[in-house]
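One structure is given here, and the rest of the page talks about it.
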Amino acid sequence: MRVILDCDPGHDDAIAIILAASKISPLEIVGITTVSGNVSVEKNTLNALKICDVVGLTDVPVAQGMPRPMYREVKSAEAIHGETGLDGPDLPENPHTKQIDQHAVDFIIEQLTHTTEPITLVPTGPLTNIGMALVKEPAIKKNIKEIVLMGGGTYGNWTPAAEFNIYVDPEAAKTVFNSGVPIKMFGLNVTHTVLATDETVNDLKQIDNPVAAFVSELLAFFIQSYKDHFDFPGGAVHDACTVAHLIDPSIFTFEHVHVDVETKGDLTYGMTIIDRLGVGENEPNVHFASGLDHEKFWSLFRNAIASYS
Ligand code: RIB
Ligand code: CA
């Protein structure tokens, strides 16, 4: 399965990349594209390059994308991910892996235009790159197998109604959800139950490889951040849910529902409107993740990281 990881690394984006690049993964990473989100697109790109160094992804194109949302001002989450966007691990400032010159939106369009088989898009940050690609070249839809995204949910974490990835660029999100492309959505209702804890970190310390050490340092920071900001017992590895599903489709369960995005409400701007009872007039357009086998998820997580040994 060919995938493009569109991300804003970000601790949990990093976990998603690490799972995708692991030896237990059947995924062919066509490219990694970055977008303004957790921190600036420049910092997110630098973080993506550093992650590629850690996992040995030296032959995967990394393309920098949109520096701001389609219409709104930039919003970022240094409070959660730190000033670098990947606080915790001590990494060399200048990664060996270099980004390509092509803009991420043009990279996505080019890959989808010339691919010999449909590509799965895996956005784990704001949907600005995906939305812009769909607007610039709608013909790419026929070669998108599905969009497997982390975003939205039945409640918010940036406002009471809106989750960060959607809240940053609701107009891009609305473009994606109304595109007609098959979508799988991993929202806060499931991702907030996938918590890395101090026990997770202690378990990783039993694995003797550099990636396990890197993830331990990532999670130590991320767990403390979630304890401080949300009084959670651990850090929600939101974005890892997307790739874990692609590696093992039996982990998550889904409801086929209609989802749209609010772009006007004073209190609800950025909210994903999820019609779980089918009371609206619109046909279902999203497979909405509503449950998971936690034991299977964490077994895959551990096996993926151990596979770097
Ligand atoms: O709300 C969680 C999402 O926002 C995750 O993708 C995290 O990385 C941030 O981008
Ligand atoms: Ca993210």
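Measuring r between the beta carbons of residue 193 and residue 227 and using R0 = 22 Å, the FRET efficiency lands at 0.85. A 1.4 Å probe run over the stretch 174-309, with the rest of the protein chains in place, finds 45 Å² accessible per residue. Restricting to Cα pairs below 8 Å that are 6+ residues apart, what does the relative contact order work out to for the chain? Please round to a whole percent. Dividing the mean separation by the residue count of the chain yields 21 percent.
An ellipsoid equivalent to the stretch 262-309, defined through the eigenvalues of its Cα gyration tensor, has semi-axes of 36, 16, 9 Å when rounded to whole angstrom and sorted largest first. Applying both filters, DSSP loop and at most 14 other Cβ atoms within 10 Å, to the trypsin sites (Lys or Arg not before Pro) of the stretch 1-63 gives 23. If the chain linking residue 136 and residue 302 were pulled fully straight, counting 0.36 nm for each residue of separation and taking away their Cα-Cα distance, it would gain 55.8 nm. Computed on the stretch 184-236, with alpha-carbon pairs under 8 angstrom and 6+ residues apart, the relative contact order is 40 percent. Calculate, for residue 206 and residue 23, the FRET efficiency according to 1/(1 + (r/R0)^6) with r their C-beta to C-beta distance and R0 22 Å; round to the nearest 0.05. So, using R0 = 22 Å, E works out to roughly 0.75.
Take the Cα of residue 178, step 7 Å toward its Cβ, do the same at residue 145, and the gap between the two points is 2.9 nm. The ellipsoid that matches the Cα gyration tensor of the chain has semi-axes, each √(5λ) in whole angstrom, of 27, 22, 19, with the longest given first. Over the stretch 74-219, Cα pairs under 8 Å with separation of 6+ residues give a relative contact order of 22 percent.
If both residues of a DSSP beta bridge must be in the chain, then about 35% of such bridges are antiparallel. Starting from the Cα of residue 159, step 7 Å toward the Cβ, then list every residue of the stretch 257-284 with an amide N under 11 Å from that point. Residues passing the 11 Å test: 262-272.
Applying the Karplus relation 6.51 cos²θ - 1.76 cosθ + 1.60 with θ = phi - 60° to the stretch 36-47 yields 3J(HN,Hα) values of 4, x, 3, 9, 4, 5, 5, 5, 4, 5, 4, 5 Hz, where x marks Gly and Pro. Per-residue Karplus couplings for the stretch 229-246, computed as 6.51 cos²θ - 1.76 cosθ + 1.60 with θ equal to phi - 60°, are listed in order as 8, 10, 6, 7, x, x, x, 6, 8, 2, 5, 4, 4, 4, 6, 4, 4, 5 Hz, Gly and Pro entered as x. Taking the Cα centre of the chain as origin and assigning +1 to Lys and Arg Cβ atoms and -1 to Asp and Glu Cβ atoms, the resulting dipole is close to 520 debye. Set against the 2.2 N^0.38 Å expectation for a compact globular protein, the stretch 125-221 has a Cα radius of gyration ratio of 1.37.
Here's the thing: no lysines lie within a cross-link span of residue 227, going by alpha-carbon distance under 19 Å and ignoring same-chain residues fewer than 8 apart.
Calculated FRET efficiency, residue 90 to residue 294, Cβ-Cβ distance, R0 = 30 Å: about 0.45 to the nearest 0.05.
Annotation: amide H-H contacts under 5 Å for residue 161 (H modelled 1.01 Å from N, sequence separation of 5 or more, or interchain): 156.
Centre-to-centre separation between the Cα atoms of the stretch 116-171 and those of the stretch 40-64: 20 Å. Normalised by 2.2 N^0.38 Å, with N the number of residues, the alpha-carbon radius of gyration of the stretch 40-197 equals 1.06. Computed extension length for residue 100-residue 117: 3.8 nm, one decimal, from 0.36 nm per residue of separation with the Cα-Cα distance subtracted. For residue 141, the lysines whose Cα falls under 20 Å of its own Cα, not counting residues fewer than eight places away in the same chain, are 174, 184.
The values are calculated or read from the model by the stated rules, or taken from the named source; none is laboratory data. Values in this document were obtained by computation on a predicted structure and should not be read as measured data. All Cβ positions, even for glycine, are placed from backbone atoms using ideal geometry, and neighbour counts span all protein chains on display. For accessibility, only protein heavy atoms count, side chains too; no ligands or nucleic acids. Shrake-Rupley method; radii C 1.70, N 1.55, O 1.52, S 1.80 Å.
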